[in-house]
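Visitor: Have a look at this one before I ask anything.
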Amino acid sequence: MHSKATLAVAGSLIVAAAVYLIVSSTGSTAHYFLTVEELQAMGYEAVGRSATVSGVVLGDTIVCEPSVPQVTFAVVQVPGDPEEVERAGGLAAVIEAAVNDAEASRLQVVYRDVRPDLLQHKAQAVLRGYLGQDGRFYADEVLLKCPTRYEEDLPEQSRED
């Protein structure tokens, strides 16, 4: 009888420790994306802090300096709320409106590496890095999704009757 109680207490402690480790590690590694406007609204508080920002690349702002290597470009604000995107007509409509809106919030990005293959106009970007005191975002990592690359291209099939 005594061994069952000891086993139950030991099992409870192991489960509690496992739950604690899961909760504590998830909180410290969880990342969420800020929009360009959310990052800019943080003001001076955002300077120097690690952040993950999402936006859409403006193709005419891409400047490559292969000798450094370094790439600079701008991303434009797109809504972060999926419901807002849906109400606006879907992702393609939101991206099109964002890149054509001269008043949309923009963020200058500096990426000190070679130009990523998918860096082009209207590419969705997720940037990990920090906001510099000069107002530019210094990206350590640039993740891109090119809209045309992921469109389904269904081949025409012929069918014999």
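Visitor: Among the residues in region 22-41, are any of a type in the set (A, V, I, L, M, F, W, C), farther than 24 Å from residue 144 by Cβ and modelled with pLDDT under 90?
Guide: Yes, that holds for at least one residue.
Visitor: May I pose another question? Taking region 52-76 only, how many residues are touching a strand residue (DSSP E or B) at 6+ places or on another chain (Cβ under 6 Å) and surrounded by 14 or more Cβ atoms within 10 Å (Cβ to Cβ)?
Guide: 16
Visitor: Mind listing whichever residues of region 65-80 are in contact with a helix residue (DSSP H, G or I) (Cβ under 9 Å, 6 or more places away or on another chain) and in a loop (DSSP other than H, G, I, E, B)?
Guide: 77, 78, 79, 80
Visitor: Name every residue in region 80-107 that is at pLDDT 90 or above, under 18 Å from the mean Cα position of the chain (by Cα) and of a type outside the set (A, V, I, L, M), in order of residue number.
Guide: Once the filter is applied, which keeps residues that are at pLDDT 90 or above, under 18 Å from the mean Cα position of the chain (by Cα) and of a type outside the set (A, V, I, L, M), region 80-107 yields 105, 106.
Visitor: Identify, please: which residue in region 108-124 is touching a Lys or Arg at 6+ places or on another chain (Cβ under 8 Å) and at pLDDT below 95 and is, among those, farthest from residue 37 (Cα to Cα)?
Guide: Of everything passing the filter in region 108-124, 118 is farthest from residue 37 (Cα to Cα).
The values are calculated or read from the model by the stated rules, or taken from the named source; none is laboratory data. Remember, predicted model here, so these are calculated numbers, not experimental data. Backbone-built Cβ (ideal geometry, glycine too); neighbour counts: all protein chains shown.
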